Amino acid sequence: MPESPVALVAGRDYPRTYREFVKMFPDDASCTAYLERLRWAAGFVCPACETIAVPWRQTRGRIVCPSCRHQGSATAGTILDKTRTPLTTWFEAAWHLTTAKNGLSAKTLERTLGAQYRVAWTMLQRFRVAMVRSEREHLSGDVEVDETLVGGVEHGGKRGRGTSKAIVAIAVEVLDPKGFGRLRMRHVPDASGARLLPFVCDVVAPGSTVHTDGWGGYNDLVKHGYVRRKTVQSSSGDPAHVAMPGVHRVASLLKRWILGTHQGSVTPGHLQAYLEEFAFRFNRRASRSRGLVFRRLLEQAVVTGPVTEADITHGYGW
């Protein structure tokens, strides 16, 4: 592919400040060139015949495979497919989403971009889908697993695992001698073994040591190739946040984030999308540059398939 017109800053292909961001992406042409660079780093590959060649270029950003004449674009087949929103607006949304310390709500993005609320909300939901890498590695080593309850304040109802609030399963790596590694979370309908065991099997590598409380839903972990370390809170003598610090720290941060950034207005149907955003942020908390996180999000955006508004209106089918 011909050299893209993206203005690099000090040899970097991502901005570190908003001033650099504006310089690198002044128009849709520079945004398109950047997406092409991320999508086809080693050269254009035709999505139809998989031929590697220099494409022909036509109007309105269309590129044509010289072998099979397939027409496409940098956004075709991605979450940006057939979008009518300018790419500069998409990039602006991605920048604010990744550089804001605690993220931002759709209402805040609406004010920031000067766009309609529905446009801002849809963009955020599509980016949240892109935050999940299909090939992401399983957690390994020592992993704490537990559940927490997410929802509004209710009085007179059940407590604990029998509540009507949303149940979120949490798995987080615990590092030696201290600190936490990667995080995975899932909204589960209930805390039965039929829901919790598939979650553990999906996110934790076999052979890992899984630290849980005494809940019977985890009794069959050994049958699935895990080493279970059980701590019964009522007889351990230690508070829950001492016996299992990882999951309780994550649960506390998650609830604070939902109440602070999103004013607690997260419905169960969309909860998983917010959990994926929180995990995306948590797993990149040690990044030296927020601009690099911006680049990572766009990298995943161009390899994630199209997501229509109908797909996310009532909750994405995770």
Modelled label-to-label distance, H70 and H224, 7 Å Cα→beta-carbon offset: nm? 3.7
Within the chain, what whole-number % of the accessible surface is contributed by carbon and sulfur, with the 1.4 Å probe and all protein chains included in the calculation? 51
Kirkwood Rh over Cα pairs of the range 251-318 into Stokes-Einstein at 20 °C, 1.002 mPa s: D in µm²/s? 157
Could you work out how far the C-alpha centroid of the range 271-291 sits from that of the range 15-69, in angstrom? 26
Counting only C-alpha contacts under 8 Å and six or more residues apart, can you give the relative contact order of the chain as a whole percent? 21
For the pair S192 and S265, what calculated FRET efficiency results from E = 1/(1 + (r/R0)^6), where r is the Cβ-Cβ distance and R0 = 30 Å, to the nearest 0.05? 0.60
Over the Cα atoms of the chain, what radius of gyration and what Dmax do you get, in Å? 22.0, 71
May I ask which of K223/K255; K23/K101; K107/K255; K23/K82; K178/K223 have a Cα-Cα span longer than 24 Å here? K223/K255; K23/K82; K178/K223
The answer for S208, listing residues at least 5 apart or on another chain whose modeled amide H is closer than 5 Å to its amide H, is V227
Asserting the computed 222 nm helical MRE of the chain (DSSP H runs at least 4 long, -39500 (n - 2.57) per run, divided by residue count, to nearest 500) equals -11000 deg cm²/dmol
Using 7 Å Cα-to-Cβ label points, what is the D311/R62 separation (nm, one decimal)? 2.4
Given +1 on the Cβ of Lys and Arg, -1 on the Cβ of Asp and Glu, and no further charges, what dipole in debye does the range 19-136 carry about its Cα centre, rounded to the nearest 20? 240
Cα atoms only, the range 61-212: Rg and Dmax in Å? 20.7, 68
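Given a Förster radius of 25 Å and the C-beta distance between Q116 and D27 as r, what FRET efficiency does 1/(1 + (r/R0)^6) yield to the nearest 0.05? Provide the component values of the computation, followed by the final result.
Details: r = 22 Å, r/R0 = 0.87.
So the FRET efficiency works out to roughly 0.70.
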Can you tell me the accessible area per residue over the chain, all protein chains present, probe 1.4 angstrom, in square angstrom? 51
Quick shape check on the range 168-258: root eigenvalues a ≥ b ≥ c of the Cα gyration tensor, a/c under 1.5 is rounded, otherwise prolate if a/b tops b/c, else oblate, and it reads rounded
HN-Hα J couplings of the range 55-63 from phi, Karplus 6.51/-1.76/1.60, θ = phi - 60°, integer Hz, Gly and Pro as x? x, 7, 10, 10, 6, 6, x, 6, 10
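Give me the number: length gained by fully extending L175 to A286, i.e. 0.36 nm times residue separation minus the C-alpha to C-alpha distance, one decimal in nm.
Contour length minus Cα-Cα distance gives 38.5 nm.
The values are calculated or read from the model by the stated rules, or taken from the named source; none is laboratory data. In this text the structure is predicted, and so the values were computed from the model without any measurement. Neighbour counts are summed over all protein chains in view; Cβ atoms, including those assigned to glycine, are modelled from backbone coordinates with ideal geometry. In case anyone asks, the SASA skips ligands and DNA or RNA and just uses the protein heavy atoms, side chains included. Shrake-Rupley method; radii C 1.70, N 1.55, O 1.52, S 1.80 Å.
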